[in-house]
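Following: one structure in structure tokens, then a few remarks.
None of the figures in this text is laboratory data; all of them are computed from the coordinates on show. These numbers come from a predicted model, not from an experiment. All Cβ positions, even for glycine, are placed from backbone atoms using ideal geometry, and neighbour counts span all protein chains on display.
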Amino acid sequence: MSDLKAPIAVRCTPELVYNYAAGRYGSLFLQGLKEGRILASRCRRCARTLVPPRLACTGCFGAMEDAVELEPRGELLAFTLVAFPFLDPFTGIQRPIPYCYGMVRFAGADNTFQYFLSEKDPAKLRVGQPVRAVFRAAAERVGEMADLLYFEPGIGG
Amino acid sequence: MQPVAILGAAQTRHVARRDDACYSELAFEVVAALLAETGFTHPRIDTVITVSSDFSDGRTISDMAVQDAVGAAGKSSSKVSMDGAFALAYAAARLTCGRYRTCLVVAHAKASEGRPREISRAAFDPFFERPLGPTDHVALGLQARRFLARGTVTREAVALAAARALAYANGNPNAHWRGALSSREIQLGPPVADPLHRFEVAPDSDGACALLLADLDTARAHAAARGVPVIRLDAVACATDRHGLGDRDLGLPGVLPQVARAAYAQAGITDPVREIDVAEVYDASAVQTLLWREGVGLPVDLLAGPAWNPSGGALCAQPGFATGLVRVAEVWRRLAAGEGRTGLAHGMTGFVGQAHCVGILRRA
């Protein structure tokens, strides 16, 4: 082959669009948010409670058959700062950065729930602090994740 | 290969869209059905192979998202990101190495959640092919032209194969498409991939399938305890062809003849027309219904030799990478029900059959 002077690249932007089914359990959770409630699934066999609710129990691999409501407050078990820009998959526009998101253990749950925190400065947060869920105003809730605005510092846990 | 056995098979109904279940719930559904059918419990599953596509699921490392649903947490698990039939080879290898006695294989797909044509386009070469607008369907059209140009079968025979598949699917409760259409009606239907029309190209389905494999000792004990026959997996062979559509003759069955010969040699089959009772192949088009017959060494006449895609085949349900595993499940079900002793199950991956896999199942 003759000497190549300028290697060539092409820009390629395949369009990937997905239309995910939330399924029965995911739909139940989103409907709960519309009502300002946090719903979890409970396993009859091993009594595990998981949020968001799902079919398969992570403890015994059985089907989780019961739905239970959790108090919308818990304990902040971990947090970090998101500073990398990305397009919000639900809105298609860039979410303002930086912000904090964390892992919250609801009272009565056996796992942790990840969500936005109202606090934007990680220096003002601590592991173990109580937080509470803040929802959109009832009239504005439509049954989507954004119905839950964030967790803010709260009392109890 | 040391013989292994297939203890059970389960599949969902294959439909256009399952809104009631996310894809991990589809996987859970078939695993729960399989465990109920075989009487096995999760602690008795030694290793798990899941089959999924990151692009189809829209999830990087898509297998990790179904581990909870298939009960793999805490076990050795791995993934096949090809057609599910290829997972047979992986499962057999895991069992014959002697470390595991049982292996669960689970494949799921929700074609309705992604865009199958766009996803297939992304598999083509970005410089020389993608700008032309190729998809899996476009490749099927090119293959159909090459196949028909050989003159071994008529255009009518291709439409007849599609009509026959729909008729067979009337007896398959899991089929996505069923119907009673004549070959003429099919040829007058909407074109999908010139020269192929609707029902001559496989549908895009949501569905899942699971198999339980075990070593022969475990299988014999299971069969004796439950009064069911042992269905052995006597051979698995696979091979991959050249990638580019222009680097193969699409009108020929590619590497399938060599794969079939290897499987027949492993299983001791010398006369497939007489020795195979039932065959299920992954036919993404009605051309492939005929072409893969040639590939596995059977005469083109659909009435000669084994029952050929008696479920309706992939032409009546195509749940992504689960499609080939469904072929295995269908063959297993018929052998377990006493409809013959020897069966052939085929899967493929890559456009118009770049890679093929053939398994031979036998009722002991």
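With label points built 7 Å along Cα→Cβ from the Cα atoms of B:S182 and A:T91, find their separation and express it in nm.
5.9 nm
Taking beta carbons within 10 Å but only from partner chains, what does the mean come to for residues B:52-62?
Numbers: counts 0, 0, 0, 2, 1, 2, 6, 2, 0, 0, 0.
Across B:52-62, the average partner-chain Cβ count within 10 Å equals 1.
Starting from the eigenvalues of the Cα gyration tensor, five times each then square-rooted, give me the equivalent ellipsoid semi-axes of region A:23-153, largest first, whole Å.
25, 18, 14
Exposure proxy check: B:D217, B:D277 ranked by fewest other beta carbons within 10 Å?
Details: B:D217 10, B:D277 19.
Lowest count first: B:D217, B:D277.
When ranked by the protection proxy of mean other Cβ atoms within 10 Å per residue, highest first, what sequence do the peptides B:303-314, A:132-143 form? Let's see the in-between values first.
Working: B:303-314: 22.4, A:132-143: 13.4.
So the peptides B:303-314, A:132-143, ranked by packing, come out B:303-314, A:132-143.
Helix B:136-149 sits at what angle to the longest principal axis of chain B, using alpha carbons and giving 0 to 90 degrees rounded to 10?
Roughly 60 degrees, rounded to the nearest 10.
Work out the length of the dipole vector of chain B about its Cα centre, built from +1 on the beta-carbon of each Lys and Arg and -1 on the beta-carbon of each Asp and Glu, and round it to the nearest 20 debye. Don't skip to the answer; put the middle values down first.
Numbers: 37 positive and 37 negative charges, 103 e Å.
Computed charge dipole of chain B: roughly 500 debye.
Averaged over A:17-30, how many beta carbons belonging to a partner chain fall within 10 Å of each residue's beta carbon?
Working: counts 5, 10, 8, 9, 13, 4, 9, 5, 3, 3, 3, 0, 0, 0.
Partner Cβ neighbours, averaged per residue: 5.
Suppose R0 equals 41 Å; then what is the FRET efficiency for B:D247 and B:T60 from their Cβ-Cβ distance, rounded to the nearest 0.05?
Details: r = 30 Å, r/R0 = 0.72.
Calculated transfer efficiency: 0.90.
For A:A67 paired with A:K120, estimate the spin-label separation in nm (one decimal), with each label point 7 Å from Cα along the Cα-to-Cβ line.
In this crude spin-label approximation the distance works out to 3.6 nm.
In degrees between 0 and 90, to the nearest 10, how far off the longest principal axis of chain B does helix B:86-96 point, with axes built from Cα atoms?
Approximately 20 degrees, to the nearest 10.
Averaged across the residues of B:21-31, what count of C-beta atoms belonging to other chains lies within 10 Å of each residue's C-beta? Write down the numbers at each step before the final one.
Details: counts 7, 10, 3, 4, 9, 3, 2, 6, 2, 0, 2.
Going residue by residue through B:21-31 and averaging, the value is 4.
Which of B:A284, B:G244, B:Y168 sits farthest toward the positive end of the charge dipole of chain B, with +1 on the Cβ of Lys and Arg and -1 on the Cβ of Asp and Glu?
Checking the options against the dipole of chain B, the answer is B:Y168.
Using the 4.7 Å Cβ rule, please list in number order the cysteines from chain B without any candidate partner.
B:C22, B:C97, B:C103, B:C209, B:C316
Select from B:I276, B:I45, B:I61 the residue whose mean-square fluctuation is largest in a Gaussian network model of chain B (Cα-Cα springs shorter than 10 Å).
Of B:I276, B:I45, B:I61, the Gaussian network model singles out B:I61 as fluctuating most.
Step through the residues of region B:239-252 one at a time and calculate ³J(HN,Hα) from phi using the Karplus curve (6.51 cos²θ - 1.76 cosθ + 1.60, θ = phi - 60°), rounding each to whole Hz and writing x for Gly and Pro.
Result, rounded to whole Hz: 7, 10, 9, 4, 7, x, 4, x, 9, 9, 8, 5, x, 10.
Where the centre of each part is set by its Cα atoms, how far does region A:84-157 sit from region B:306-364, in angstrom?
48 Å
With angles folded into 0 to 90 degrees, how steeply does helix A:23-34 sit against the dominant principal axis of chain A? Use alpha carbons for both and round to 10.
70 degrees
Using only alpha carbon positions, build the gyration tensor of the protein assembly as shown, then give the equivalent ellipsoid semi-axes as the square roots of 5 times its eigenvalues, largest first, whole angstrom.
So the equivalent ellipsoid measures 44, 29, 21 Å along its semi-axes.
So, by mean Cβ neighbours within 10 angstrom, what's the order for B:282-293, A:92-103, A:41-52, B:84-95 with the highest one leading?
Working: B:282-293: 27.7, A:92-103: 13.7, A:41-52: 18.0, B:84-95: 25.3.
Top to bottom by mean Cβ count within 10 Å: B:282-293, B:84-95, A:41-52, A:92-103.
At a Cα cut-off below 12 Å, give the aspartates and glutamates reachable from A:K124, other chains included and same-chain residues fewer than 8 away excluded.
Once the sequence-local aspartates and glutamates are set aside, what remains near A:K124 is A:E152.
If I model a spin label as a point 7 Å beyond the Cα along the Cα-Cβ vector, how far apart are those points for B:A262 and A:Y101 in nm?
If labels sit at B:A262 and A:Y101, their model points lie 4.4 nm apart.
For a quick check, take a GNM of chain B with Cα springs below 10 Å and name the residue from B:M64, B:M82, B:M348 with the largest mean-square fluctuation.
B:M64
What aspartates and glutamates does B:K79 reach when the alpha-carbon gap must be under 12 Å and sequence neighbours fewer than 8 apart in one chain are set aside?
Cα-Cα hits under 12 Å: B:D54, B:D63.
Which residue, chosen from A:T80, B:S52, B:A73, occupies the Cα position most advanced towards the positive end of the dipole of the protein assembly as shown, where the dipole is computed from +1 (Lys, Arg) and -1 (Asp, Glu) charges on Cβ about the Cα centre?
Toward the positive end, the furthest listed residue is B:A73.
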